[in-house]
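The values are calculated or read from the model by the stated rules, or taken from the named source; none is laboratory data. Owing to the predicted nature of the structure, the values given are computational and were not obtained by experimental measurement. Using ideal geometry, Cβ is built from the backbone for each residue, glycine included, and neighbour counts are taken over all protein chains shown. Each accessible area value is taken on the protein alone, full model and side chains, heavy atoms only, with ligands, DNA and RNA left out. Shrake-Rupley method; radii C 1.70, N 1.55, O 1.52, S 1.80 Å.
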Amino acid sequence: MQILDTNKENKIWPLFRLGFRVFFLGGALFSVLAMLLWILTLSGVDALPGVQNPIWWHAHEMLFGFALAIVAGFVVTAMQNWTGVPGIKSWPLAIVAGLWLLPRLLMPLRGELNPLVITLDLLWLPIVAGMLALPVLKTKQWRNLFFVPLFMFFTSLNALSYYAAISGNWLLSERVFIAMALALCALMTVMGGRVMPFFTARATNTEKVAPISWLEKLSLVSIWLSVFAWLALPRTPVTNALLALLLVVAAVAHVYRLSRWNYKLTGTVPLLWVLYIGYLFIPLGLLTLAAALLRMGISVSLASHWLTAGALGAVVLGMIARVSLGHSGRKLEVTRAMVVAFVLIILAAVLRSVLPMIAPSMTMHAYHSSAALWIAAYGIFCWVYWPILTQPRADGHPG
């Protein structure tokens, strides 16, 4: 707060005072719209007139549209705290947000092969990466430079997904989308290790659990190796078995890691238990992906939804609910409506991930029900947090 000029800040529309505001609200609103269009498409309605492959659109937009908006909002906000350098705000933030939004709005009408859509969508994240690099270089906090190459990696995956769409190569598209889902979950494990033990200690008035060096290295290295192995390894029985083994190792490591973070104390704190349940979907997803590789009756697509509908859906909702409160000068207490939203997003994840496994005949019902629950959960967030994210901080401070 001391690094900001209050008078200057008050002249900026609150939505563009910090990245979390516009990207959290924009990402959540977009996910509701995208899920609605997906339900309509599954029901036979021509809701995506310009899109040639609706399945590609659904996967791409939830990963590179929704999820990356949340990641960008979180990182550009956190970077200000980490470096002490004022974050992206005002018209630069508005321009970047606009570059993110335009392809989201244009793609249903112009399609995934439209050059303007592709150009805009490949442009916004590298700009964010450049803006993030400046405070890191200025303060020489090299640890936080990690996000710059990471964002460029995400951009490369995005470009590869468009190449797969243009070439009509669905197997490549699926490989890219699963790699992206794994990468986003790997990022969540990095950030989870930074904040979840701290959040737990603070909310429960207990001592923060100290990390175990070998466990941190094993859990993080194994999941990041899984990302690159999934992307690069050929699909042969031998490589599939090796990749499955790596996924199992990562899953076991993350279960053990999560079990150390005093999860038993989180039952009465919604802002905690939603994160813990969401994080649990990561090792479960890694195990189901391993099962899919070993041809144990689970499709890769179904397995991946443990990571997307499960981990991404729940962890993102919990994080944006907490971060929005903290950075808007409010108490870290959620309303009953948000508790309902947390329950709904977990139900959405369970329906999408589990129901098709135990009752394949109800797969389409699982798709519709899960999407409807997602719309309800993130719709509640938009309703509750609209005034929080579009109005000045409750404590009068800038940001």
Helices (runs of 4 or more DSSP H) wholly inside the stretch 297-368 that include at least 1 residues being in contact with an Asp or Glu (Cβ under 7 Å, 6 or more places away or on another chain), in contact (Cβ under 8 Å) with a residue 12 or more places away in the chain and closer than 26 Å to Met180 by Cα: 300-305
Members of the stretch 76-101 that are buried (at least 18 other Cβ atoms within 10 Å of the Cβ) and either touching a strand residue (DSSP E or B) at 6+ places or on another chain (Cβ under 7 Å) or part of a loop (DSSP other than H, G, I, E, B) (or both): Gly87, Ile88, Lys89
Any pair with Cβ under 8 angstrom, 6 or more apart, that starts in the stretch 55-76 at a residue that is over 17 Å from Trp170 (Cα atoms) and ends at one that is basic (Lys, Arg) and crowded, with 23+ Cβ neighbours inside 10 Å: Gly73/Arg21
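Table: residues versus (1) closer than 24 Å to Gly297 by Cα; (2) of a type in the set (A, V, I, L, M, F, W, C); (3) crowded, with 17+ Cβ neighbours inside 10 Å.
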site: Leu347; (1), (2), (3): yes, yes, no
site: Arg352; (1), (2), (3): yes, no, yes
site: Pro356; (1), (2), (3): yes, no, yes
site: Pro360; (1), (2), (3): yes, no, no
site: Ala366; (1), (2), (3): yes, yes, yes
site: Ile375; (1), (2), (3): no, yes, yes
Test: Arg104 is charged (D, E, K, R), open to solvent by 40 Å² or more (accessible area, probe 1.4 Å) and either in contact with a helix residue (DSSP H, G or I) (Cβ under 6 Å, 6 or more places away or on another chain) or in a helix (DSSP H, G or I) (or both): no
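Looking at the structure I just gave you, is Arg322 open to solvent by less than 50 Å² (accessible area, probe 1.4 Å) and of a type in the set (D, E, K, R)?
Judged against the criteria, Arg322 is a match.
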Single residue of the stretch 220-243 satisfying the filter (in a helix (DSSP H, G or I) and among the polar types (S, T, N, Q)) that is surrounded by the fewest Cβ atoms within 10 Å (Cβ to Cβ): Thr239
So Ile127, is it assigned to a helix (DSSP H, G or I), surrounded by 14 or more Cβ atoms within 10 Å (Cβ to Cβ) and either among the hydrophobic types (A, V, I, L, M, F, W, C) or at positive phi (or both): yes
Criterion violated by Arg175 - all others in (1) open to solvent by 30 Å² or more (accessible area, probe 1.4 Å); (2) modelled with pLDDT under 95; (3) not small (Gly, Ala, Ser); (4) not in a loop (DSSP other than H, G, I, E, B) satisfied: (2)
Pair list, Cβ < 7 Å and 6+ apart or interchain, from the stretch 246-266 residues that are open to solvent by 10 Å² or more (accessible area, probe 1.4 Å) to residues that are among the small types (Gly, Ala, Ser): Leu246/Ser222; Leu246/Ser226; Leu246/Ala229; Val248/Ala290; Val249/Ser222
